[in-house]
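The values are calculated or read from the model by the stated rules, or taken from the named source; none is laboratory data. Quantities reported herein were computed from a predicted structural model and do not represent experimental measurements. Accessible surface areas use protein heavy atoms only, side chains included; no ligands, DNA or RNA. Shrake-Rupley method; radii C 1.70, N 1.55, O 1.52, S 1.80 Å.
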Amino acid sequence: MRQYYSKGGRVDKKAMSCNKPKRTPNHPKKSHIVKACEGGKEKVIRFGQQGVKTNQTVGQRKAFKSRHAKNIKKGKMSAAYWADRVKWSPSKTKSQSRKWKKGS
């Protein structure tokens, strides 16, 4: 990820590839970054809370999707779309339990 940063610590958008999310372990708040490209537009999006356990149960994933459905539908130019794709994909669910516990 370091190759995407310029001297001032800013992200160099030209060096990033389109629609390829990357982890940002050294960022203080956000866990991932992506250069979203759609319809000739480019936008750097940071998403996901750093250090938080997500996608632990099926119920937790369902709650996330219902809470953010409107923003997910906006497409590649929204952080919710990328969080849904990267952090909340069904293949990454830890437990098949439908029970959702706050803070799990």
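Give me Rg over Rh for segment 19-104, both radii from the alpha carbons and Rh done the Kirkwood way, two decimal places. Walk me through the numbers on the way to the answer.
Working: Rg = 13.4 Å, Rh = 13.5 Å.
With Rh from the inverse mean 1/r over Cα pairs, Rg/Rh is 0.99.
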Where the accessible area of segment 20-64 is counted over protein heavy atoms with a 1.4 Å probe, how much of it, in %, is carbon and sulfur? 48
Considering only protein heavy atoms, what per residue accessible area in square angstrom results for segment 14-104 with a 1.4 angstrom probe? 66
